[in-house]
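These notes concern the structure reproduced below.
The values are calculated or read from the model by the stated rules, or taken from the named source; none is laboratory data. Values in this document were obtained by computation on a predicted structure and should not be read as measured data. For neighbour counting, all protein chains shown are included, and Cβ atoms are generated from backbone atoms with ideal geometry for every residue, glycine included.
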Amino acid sequence: MARVTDTIGSKLTKRRADNPLRTFKRLFSYYGKGNCKVYFVFAVIATVLYDIATIGASFMMRPLVDVLEKTMTYQSADPALAAASAKYFALLIGMACLYVTAMITNYALNRLMLECSARVMYALRKDMFAHMQELPISYFDGHTHGELMSYFTNDIDAVREMLHHSITQIIISVISLVGIVSMMLVLSIRLCVIMLVMGICIFLIVKKISTLSGKNFKRQQQVAAQVNGYIEEMMEGQKVVKAFNHEDVVMKDFSVMNEQFCEVGTRAHTYANVVGPIMNNLSHIFYAITTTVGAMLFTGGATAKTGILVTFLQYIRQFADRLSQISQQFNFILLALAGAERIFELLDVPVENDDGQITLVNVKEDEQGNLTECDEKTCKWAWKRVTDNGTEYIRVQGNVVFSDVDFSYDGKKQVLHNVSLYAKPGQKIAFVGSTGAGKTTITNLINRFYDISSGIVTYDGINIKDIKKADLRRSLAMVLQDTHLFTATVMENIRYGKLDATDEECIQAAKIANAHYFISHLPDGYNTMLVSDGANLSQGQRQLIAIARAAVADPPVLILDEATSSIDTRTEKLIEKGMDSLMEGRTVFVIAHRLSTVRNSDAIMVLENGEIIERGNHDDLLKLGGKYYQLYTGMFELS
Ligand SMILES: Nc1ncnc2c1ncn2[C@@H]1O[C@H](COP(=O)(O)OP(=O)(O)OP(=O)(O)O)[C@@H](O)[C@H]1O
Ligand SMILES: [Mg+2]
């Protein structure tokens with residue numbers, strides 16, 4: 001199983017962006033989508049003000065020291081002393097004002113950047129979720145849940161971290177560095193040369209450490225994804241793990257990954273954590289060097305030069321701080337850009353193509369049988385085709401025809417060969433055949449979960465490719481082989497079939513499905529909350545709710561894929577009457593291994609390796625003495 005998670009992990013391993021600049025630009029476009037460009041502009045203005053205030057406050061050290069030096073040379077009775085003291089206090093107040101400005105602008109810029117990042121994340125998540133809704137089913141076939149979830153957790157988190165913290169820090173630091181260097185140049189070009197040499201040394205050291213920690217952060221993300229994938233898989237397969245006593249094996253596998261996770265995590269943070277102290281110590285050393293060199297350069301000169309030296313030293317501190325801040329953010333930015341790139345890859349996956357123009361509309365019929373579109377509920381539907389010659393309404397009847405259909409899921413292995421069949425309105429068509437024969441696949445093609453490779457499928461004489469997908473699916477109700485119930489009440493789960501159904505309609509549908517009795521005995525009846533895919537119900541009960549959901553949809557075509565496979569034969573008999581009334585007047589496709597369920601069908605198709613090998617009604621097929629006969633008599637021999 002570890003191997004399984006390794007594959008999941010390896011899919012998640014791409015943690016560095018291939019084209020950081022393009023990704024960054026695209027991410028930046030979300031400031032527009034999130035309507036926060038104005039906030040961002042104000043945040044940058046606040047940052048500039050903040051930097052000006054802090055740099056300005058430091059610059060005031062120079063006149064402050066100069067005045068202080070002068071004051072010390074005056075006698076107490078000297079009238080110039082009072083003027084110098086007043087100047088000194090005025091400078092102090094000025095400095096305090098600058099620091100207060102820095103405080104306020106710092107708060108403002110953080111608040112504004114927080115607002116920006118929240119809005120960008122909102123827009124990004126919205127786009128991702130909307131895009132995921134439009135992806136074809138085949139995309140979900142090829143990606144694990146863990147992988148899809150990691151877009152919304154790992155990747156989104158990395159991006160959020162960058163937008164919230166790193167970008168703010170980088171903007172502050174870069175603007176500040178420009179300001180600091182300019183001020184240093186104003187103060188002393190000679191000291192600037194020393195500073196430049198120091199800057200290059202710091203840059204090289206930090207670059208080395210960043211590369212090391214970057215690699216380890218990357219590895220940490222990979223192992224985190226593996227651990228998460230493993231936990232998710234083990235939780236899903238918990239019953240199998242327990243049933244086969246695999247707890248110890250699972251624990252051992254997990255421990256190995258967990259240890260690895262701890263190890264790389266510690267290593268990554270060790271490198272990251274040494275950057276701070278190294279920068280600190282380096283700045284102390286360089287501070288001492290500049291002080292010594294500065295003292296040598298300025299000794300014996302005018303007193304004003306002490307002010308230059310003190311101010312310059314303060315800038316050196318700030319310069320080192322800013323460099324260290326940038327270096328610390330660097331890895332996080334690379335990591336976040338890799339996350340953003342993965343998100344954009346997801347957003348670039350082509351959506352389900354839907355070139356259908358024909359729509360499903362509610363119609364009313366006059367005495368001559370003419371159809372006209374109407375808004376009120378009439379329970380009568382028509383396909384609306386708009387052409388240059390006008391609008392045509394085609395009555396929805398449920399006439400489904402497959403002609404020479406070939407299909408493959410992956411483009412390599414042919415799953416259906418030359419399938420031709422027709423279902424006249426109101427007919428019950430059954431598919432039987434061995435496991436893996438292609439029964440579910442046929443039904444997946446009717447509602448265009450997948451598109452056929454060749455051949456044609458028509459619905460009321462219209463090629464289904466010309467029908468808008470949403471409308472096509474609205475005209476079909478499906479009870480899928482693997483039932484899915486949402487975390488909601490029983491009533492809401494039934495109403496999923498038709499969102500505007502009243503409570504009475506839902507209860508009526510539950511009665512048809514014979515689900516009313518057990519639902520009434522649930523603790524809160526129809527208001528009982530179902531959790532975790534209906535884990536608090538039996539498989540059969542879940543199927544009954546799924547049938548009720550299809551019943552409430554009231555569609556012209558119904559697809560029942562092993563809808564009653566988990567229901568006991570007695571209950572099946574009980575719902576038979578309800579099911580018969582549900583099927584009445586509709587075209588129904590039924591798939592069932594239990595042949596008693598399909599006996600009364602108008603036509604039974606026997607599938608073998610993706611081909612229809614026999615067709616006819618129950619009696620015809622028994623007389624034929626072929627596969628159906630074997631399946632049917634075999635069933636009775638076994639039972
Ligand atoms: N999503 C998929 N991707 C690739 N191959 C698939 C996919 N789903 C099914 N198949 C393959 O298509 C073939 C037909 O599968 P299908 O689900 O239609 O069988 P079935 O007749 O419904 O079987 P069962 O009685 O077990 O439900 C199988 O060989 C299966 O391996
Ligand atoms: Mg199936």
Candidates ALA340, ALA304, ALA382 - the one that is at pLDDT below 80 and not charged (D, E, K, R): ALA304
Taking MET251, is it crowded, with 17+ Cβ neighbours inside 10 Å and modelled with pLDDT of 75 or more? no
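Condition test on LEU499, is it crowded, with 22+ Cβ neighbours inside 10 Å and either away from ligand 2 (no atom under 16 Å from the Cβ) or under 26 Å from SER532 (Cα atoms) (or both)?
Answer is no for this residue.
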State all residues of the stretch 455-483 that are without any contact (Cβ under 8 Å) to a residue 60 or more places away in the chain and within 16 Å of ligand 2 (Cβ to nearest atom); if no residue qualifies, say none. ASP482
Which is part of a helix (DSSP H, G or I), in contact with a Phe, Trp or Tyr (Cβ under 9 Å, 6 or more places away or on another chain), surrounded by fewer than 18 Cβ atoms within 10 Å (Cβ to Cβ) and modelled with pLDDT of 85 or more, of THR101, THR105? THR101
Log entry, pairs with first residue in the stretch 586-612 being outside the structural domain of ALA550 (by TED's automatic domain parsing), second being aromatic (Phe, Trp, Tyr) and surrounded by fewer than 23 Cβ atoms within 10 Å (Cβ to Cβ), beta carbons closer than 7 Å, six or more apart or on different chains, reads LEU595/TYR632
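Okay, residues lined up against (1) over 16 Å from SER176 (Cβ atoms); (2) without any contact (Cβ under 8 Å) to a residue 12 or more places away in the chain:
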| position | (1), (2) |
| --- | --- |
| ALA53 | no, no |
| PHE59 | no, no |
| ARG62 | yes, no |
| ASP66 | yes, no |
| GLN75 | yes, yes |
| ALA82 | yes, yes |
| LYS87 | yes, no |
| GLY94 | yes, no |
| TYR99 | no, no |
Within the stretch 592-603, is even one residue under 26 Å from TYR496 (Cβ atoms) and modelled with pLDDT of 80 or more? yes
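Here's the yes/no breakdown for (1) of a type in the set (Ser, Thr, Tyr); (2) modelled with pLDDT of 85 or more:
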position	(1), (2)
ILE519	no, yes
ASP524	no, yes
THR569	yes, no
LYS577	no, no
THR587	yes, no
If you check ALA515 against the conditions, is it free of Cβ contacts under 8 Å to residues at least 12 places away in the same chain, away from ligand 1 (no atom under 16 Å from the Cβ) and of a type in the set (A, V, I, L, M)? no
By residue number, the members of the stretch 588-631 that are closer than 19 Å to THR564 by Cα, in a strand (DSSP E or B) and in contact with a Ser or Thr (Cβ under 8 Å, 6 or more places away or on another chain) are PHE589, VAL590, ILE591
When residues of the stretch 545-594 are limited to those that are of a type in the set (D, E, K, R) and within 16 Å of ligand 1 (Cβ to nearest atom), the one farthest from ALA423 (Cα to Cα): ARG594
Considering residues of the stretch 406-438 that are within 34 Å of the chain's Cα centre (by Cα) and over 12 Å from ASN609 (Cβ atoms) only, the residue nearest to ligand 1 (Cβ to nearest atom): TYR409
Number of positions in the stretch 439-460 that are within 9 Å of ligand 1 (Cβ to nearest atom) and not aromatic (Phe, Trp, Tyr): 6
